[in-house]
Amino acid sequence: MTTLANPPRHVLVVGAQCENAKLEGLEDAARDLHAVLVDPELGGCVDRGEHSLLIGNNLGKARVCEAVERAAEDARRDGGLLVLALLGHGEGAEGAPLHFVTSGMEGAPRLSNVDVSSLLGDVLNHPGLAGLITIVDTCLAGGAVPATPMVTAGPQAGNVRFSLLFGATAKEAAYRLRLSKTLIRLIEEGLPDAGEFLRVDDDLMEQLREQISGQQPGRCIFDGAPFFGDVLWLARNRAASYSHELGPIASKAVRDAVRRIDSTLQLSTEGEIAAWLKENQQTAGVGSRLAVHRLHEVLDELAVSRKTLNVANKVFGPHLTEDDLLLAGMLAGLPLHLLRREAPPNLRDLVEYAAHHGGAAEGQHRALAHLAAAMTHVAGCGDTLPEEVVIWAQDFGLTPMVNSRLRELNHQSHPDRAPRLVLVLADDGGESVVRVDAWLLFGRAVLGSQRFPCSPGEKGLKTALAQAVAWSGPWANLAGKRLKYIDVAAPTLVLLDCPPEEQVFRKQMTLGVNYTVTTRWSGLLAPPHGTTVDDMLQVGEELLVSLDDSKCSGPDWLHADQMGTVEQVQKHLSNHGFGQRVWAVASLPTTDWDFIAQELLEHTPALVWPRQKDVSDKQKLKASVGKYWRALPLHVAQAYQQDLSGDLSHDDELGPLAAVRVAWHDKDWQAFCRRRASTVLRAPDEMMYKEQA
């Protein structure tokens with residue numbers, strides 16, 4: 001752990017606000033600058049509370065000068081240096097010294113404000129002071145430079161050390177405290193290859209000038225006391241160790257990119273890569289331009305990885321366990337080969353993998369965004385990102401992506417917060433399943449997906465289902481949860497003829513016995529002939545509204561005379577809007593059930609129908625469905641399991657539910673289908689009754 005500097009370093013940050021020209025964010029900027037300067041790992045200054053941080057309206061010239069005098073005397077007493085920061089409004093005329101507005105009013109008499117040039121001249125000549133570092137973030141800040149005679153021939157006869165960093169020239173306005181905010185970020189992140197300490201030098205000025213627009217930051221340095229030893233440093237360089245200690249993933253990315261250019265080229269840090277690119281990119285041959293482009297990408301990846309690791313270490317690092325890291329990696333969708341290895345991955349491994357292998361399409365670091373959301377979820381922060389993560393996400397333009405992923409992870413339909421497997425059975429236009437598409441979800445966040453081809457027949461389906469369930473197992477184990485919930489979506493013919501919950505997936509075990517299976521109709525993923533994905537999604541939205549209606553206490557049961565023919569069903573449905581009712585059937589029609597079911601599902605993608613041809617006690621069934629309506633389809637799955645195990649009493653009100661099947665639609669399924677809408681293809685023309693007729 002880093003300790004405070006010896007001798008102690010002292011600091012005073014002054015944030016002077018004006019009543020008639022308030023600077024938005026001044027107070028926060030002053031506090032944040034003070035925070036990094038007193039951080040033992042960064043600025044290393046002594047935190048003296050109100051004696052090292054002075055903020056307010058109408059502070060007054062006397063109060064500010066007294067605070068500066070006290071800070072200088074404390075530093076002299078301890079034999080240390082003083083870091084002085086002045087944030088607020090600055091006034092002065094061309095060629096005149098800067099006056100720091102401490103009166104609380106712009107345009108007040110000059111004598112009521114602080115002459116910064118004179119003040120700094122007095123402070124740096126204070127006997128016994130080891131040095132003075134000053135940050136001035138005001139308009140006309142360049143006017144703070146002390147007069148040369150005070151520096152070189154003042155009371156200390158030039159035996160002084162002095163570094164001044166100002167946010168704008170003596171003729172320029174400064175905007176939105178850009179110097180302070182940029183400097184805070186640079187101190188927090190560090191500069192690669194800038195050495196152990198950040199100083200007011202070329203490296204720092206280059207970054208400030210690149211990142212600050214609309215004004216010209218500058219510096220003034222004087223060192224007339226070499227016997228004091230170490231050079232004046234502003235903060236410890238957080239990136240110094242990172243530059244020389246890349247993890248194995250980042251190191252390999254660098255080696256691979258460098259070798260594409262020249263197998264004998266030796267580059268291993270951000271600074272070395274940046275310097276080489278600056279000198280050689282214009283002379284790269286045609287054949288090596290792609291290789292140089294890749295090296296540029298790696299340099300960007302190293303930078304974003306370093307900045308992400310700094311934030312993650314600061315915000316999450318102190319409380320993370322190895323299990324937390326595994327869970328965060330899994331929730332971010334990082335690959336199993338990274339997470340399931342003998343030596344558990346550390347935080348650097350996760351960040352570097354996400355940065356270098358996360359598929360940053362169009363500059364969007366999606367994997368890093370997902371990792372940030374996952375760590376926030378694991379840390380139990382709810383839907384609110386920690387402040388440092390908010391700033392990080394804004395810097396990289398990832399805020400919407402991180403927020404969306406976090407809300408998806410936090411959206412849990414079941415109290416046990418277990419992963420959910422979604423299986424979509426795809427057909428060839430008839431009764432044969434040709435593949436099983438699998439997605440693993442946590443909340444509404446997709447962790448991974450896989451496609452499993454299916455050979456014809458029951459054996460092929462059994463094999464594909466077994467492979468899909470087995471594929472999800474390692475992910476569930478990483479989460480420390482039992483896979484319990486499986487959604488199975490199928491087109492109409494497969495849905496009717498091959499009940500998903502009855503499918504055997506391993507040995508003689510069925511899905512419905514081992515898992516809570518929710519059956520879905522796949523029409524919102526593969527729309528039927530004559531409709532589009534958007535058409536079906538709109539029907540789904542209308543159905544959700546109907547289900548949320550407090551007046552909806554059960555399905556609409558169709559009578560036999562309404563289902564005599566497909567035309568009769570179509571006529572009945574034409575009197576009701578799409579998605580406004582859930583249809584239920586107590587007895588299957590004698591003919592054309594496949595086509596009738598298709599019509600019903602197209603009209604409303606939720607359906608209740610008997611498991612067998614008929615139900616003996618229809619009134620009891622209808623009463624049971626009505627009683628447990630708000631708990632469907634969960635109670636249907638539970639009744640099915642209990643019935644097979646012999647634990648279900650058919651005299652119980654739950655008993656009749658074992659005799660029905662349900663294709664269900666809810667908000668989770670609507671969200672899943674909506675997210676996949678852009679990749680959905682039209683289904684084969686499996687049901688074309690209208691054309692056949």
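The values are calculated or read from the model by the stated rules, or taken from the named source; none is laboratory data. Please read these numbers as outputs of a predicted model, since none were measured by experiment. Quick reminder, even Gly has a Cβ in these numbers, built from the backbone with ideal geometry, and neighbours come from all protein chains shown.
Quick notes
- Residue pairs whose Cβ atoms lie under 7 Å apart, sitting 6 or more positions apart in sequence or on different chains, and linking a residue in region 305-327 that is of a type in the set (V, I, T) to a partner that is not in a helix (DSSP H, G or I), are V315/P386.
- In summary, R76 fulfils each of the numbered conditions (1) modelled with pLDDT of 95 or more; (2) over 21 Å from R238 (Cα atoms); (3) in a helix (DSSP H, G or I); (4) in contact with a Leu (Cβ under 9 Å, 6 or more places away or on another chain) with the single exception of condition (1).
- Any hit, region 398-420, residues being in a strand (DSSP E or B) and either of a type outside the set (V, I, T) or over 27 Å from L350 (Cα atoms) (or both): yes
- Answer from V424, V402 - the residue that is under 20 Å from L441 (Cα atoms), assigned by TED's automatic domain parsing to the domain that holds L478 and modelled with pLDDT of 95 or more: V424
- Unmet criterion (only one of (1) in a loop (DSSP other than H, G, I, E, B); (2) over 18 Å from L165 (Cβ atoms)) for M150: (1)
- E19 vs. criteria without any contact (Cβ under 8 Å) to a residue 24 or more places away in the chain and more than 35 Å from the chain's Cα centre (by Cα): no
- Subset of region 36-59 [in contact (Cβ under 8 Å) with a residue 12 or more places away in the chain and not in a loop (DSSP other than H, G, I, E, B)]: V36, L37, V38, C45, H51, L53, L54, I55, G56, N57
- Verdict on A62 being free of Cβ contacts under 8 Å to residues at least 12 places away in the same chain and among the hydrophobic types (A, V, I, L, M, F, W, C): yes
- Considered as a group, the residues in region 631-647 that are closer than 19 Å to Q619 by Cβ and free of Cβ contacts under 8 Å to residues at least 24 places away in the same chain include one that is surrounded by the most Cβ atoms within 10 Å (Cβ to Cβ), and that residue is A639.
- Flag set for S587, criterion: farther than 25 Å from D534 by Cβ and polar (S, T, N, Q).
- Filter pass, M536 being touching a Gly at 6+ places or on another chain (Cβ under 6 Å) and crowded, with 18+ Cβ neighbours inside 10 Å: yes
- Filtered by the rule that a residue be modelled with pLDDT of 95 or more, polar (S, T, N, Q) and in a helix (DSSP H, G or I), region 168-222 gives S180, T182.
- Looking across region 88-143 at every residue that is in contact with a Phe, Trp or Tyr (Cβ under 6 Å, 6 or more places away or on another chain) and part of a helix (DSSP H, G or I), the one that is surrounded by the most Cβ atoms within 10 Å (Cβ to Cβ) is identified as A141.
- Filtered residues of region 234-259 (kept if closer than 30 Å to A141 by Cα, at pLDDT below 95 and in a loop (DSSP other than H, G, I, E, B)): N237, R238
- Hits in region 440-461 - residues which are in a helix (DSSP H, G or I) and surrounded by 15 or more Cβ atoms within 10 Å (Cβ to Cβ): G460, L461
- Filter result (closer than 23 Å to E272 by Cα, modelled with pLDDT under 95 and surrounded by 22 or more Cβ atoms within 10 Å (Cβ to Cβ)) within region 309-352: L309
- Count - residues of region 648-657 that are over 14 Å from V615 (Cβ atoms) and in contact (Cβ under 8 Å) with a residue 24 or more places away in the chain: 2
- The listed residues are A490, A470, and the only one of them that is in the same structural domain as A637 (by TED's automatic domain parsing) and surrounded by fewer than 23 Cβ atoms within 10 Å (Cβ to Cβ) turns out to be A470.
- Some residue of region 270-283 being hydrophobic (A, V, I, L, M, F, W, C), more than 21 Å from L204 (Cα to Cα) and either buried (at least 16 other Cβ atoms within 10 Å of the Cβ) or touching a helix residue (DSSP H, G or I) at 6+ places or on another chain (Cβ under 7 Å) (or both): no
- Residue in region 334-353 that is of a type in the set (G, A, S) and more than 26 Å from Q412 (Cβ to Cβ) present: yes
- Residues of region 627-642 that turn out to be in a helix (DSSP H, G or I) and more than 36 Å from the chain's Cα centre (by Cα), as a count: 8
- Meets criteria (of a type in the set (G, A, S), in a helix (DSSP H, G or I) and over 30 Å from D535 (Cβ atoms)) for S649: no
- Residue match in region 504-519 (condition: of a type outside the set (A, V, I, L, M), crowded, with 18+ Cβ neighbours inside 10 Å, over 30 Å from L371 (Cβ atoms) and modelled with pLDDT under 90): yes
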